[in-house]
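Report on the structure given below.
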Amino acid sequence: PDTILPVQVNYIHAYIDSFENALDGINFMDSLVGHPYFIDGISFVDFYIMNEITKNVDGYRISTFMYKDKASNGGKLKMGPLWDFNIAIGNANYCSGQSTSGWAKDFNVGCGNHGQLIPFWWDRLEQDPAYVTLRKCRWDYLRQNILHTDSLIAYIDTMANYLSESQQRNFSQWPVLGIYVWPNNYIGNTYQEEINYLKTWLTDRMNWIDANM
């Protein structure tokens, strides 16, 4: 922000305006004048999947990055990099963040009094059958490998073991086990209890998405 030139600000501003106008227009599904012309669909789908798996309360509306490739690399708007999931995976006791059911993208429905809400993009994209099909195919593909429940549980076990020594120093320095820290939904008395909660919550969440995607 300190070094970007006014012409660059105007360019990206105009591009986002054009994307939103196209998405809101009657021809929003058209590959030449609709949203497919402006965005990289896979990056939007992956962003959606990761925020839904984790039921990220901050997802879609804040803590969100995106970038636009230069024309020589396709020139489209891409979501990412992913960032800020501390109030996610069942670690929020407000706005249904603790629940393993329901869509994170519907934040505005139950929490419309918040000052920072989710833009219309995600509901509008769901009105495009091609986007919905892409999202479902991507979900099914990822669930067969990297997002398979067994793969996730194994990864959690690996990381829990890797951090077994450092977590002791962590909780010695900051003795918060068994103590509520905003906005905890679950308060485990031990490191293992927290790990077990993480596994159970994530498994239930993935099962719900399987049934409702």
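Worth a mention:
- Taking 7 Å steps out from each Cα toward its Cβ at Ser18 and Met213 produces label points 3.3 nm apart.
- Were the residues from Phe120 through Leu82 laid out at 0.36 nm apart, the gain over their Cα-Cα distance would be 11.7 nm.
- Rg to Rh quotient for the range 53-96, alpha carbon positions, Kirkwood Rh: 1.16
- Positive-end residue, the chain charge dipole about Cα centroid, Cβ charges, pick of Asn27, Ile179, Met79: Met79
- Sorted peptide list for 200-206, 110-116, 135-141, criterion being average Cβ within 10 angstrom, highest first: 200-206, 135-141, 110-116
- For Leu177 and Thr149, the FRET efficiency from 1/(1 + (r/R0)^6), where r spans their Cβ atoms and R0 equals 25 Å, is about 0.40.
- Lysine pair count for the chain [Cα-Cα under 21 Å; pairs on different chains or 8 or more apart]: 10
- As computed over the chain, the Cα convex hull volume per residue (Å³): 166
- Taking every protein chain into account, the accessible area of the chain amounts to 57 square angstrom per residue (probe 1.4 Å).
- Nearest-0.05 FRET efficiency for Thr3 and Thr203, computed from C-beta distance (R0 41 Å): 0.35
- Taking the chain and dividing mean pair separation by its residue count, relative contact order in percent (alpha carbons under 8 Å, at least six apart): 20
- Percent carbon-and-sulfur accessible area, the chain, ignoring ligands, DNA and RNA, probe 1.4 Å: 56
The values are calculated or read from the model by the stated rules, or taken from the named source; none is laboratory data. This structure is a prediction, so every number in the text was calculated from the model and none was measured. Cβ coordinates were reconstructed from backbone atoms using ideal geometry, including for glycine residues, and neighbour counts include every protein chain displayed. Each accessible area value is taken on the protein alone, full model and side chains, heavy atoms only, with ligands, DNA and RNA left out. Shrake-Rupley method; radii C 1.70, N 1.55, O 1.52, S 1.80 Å.
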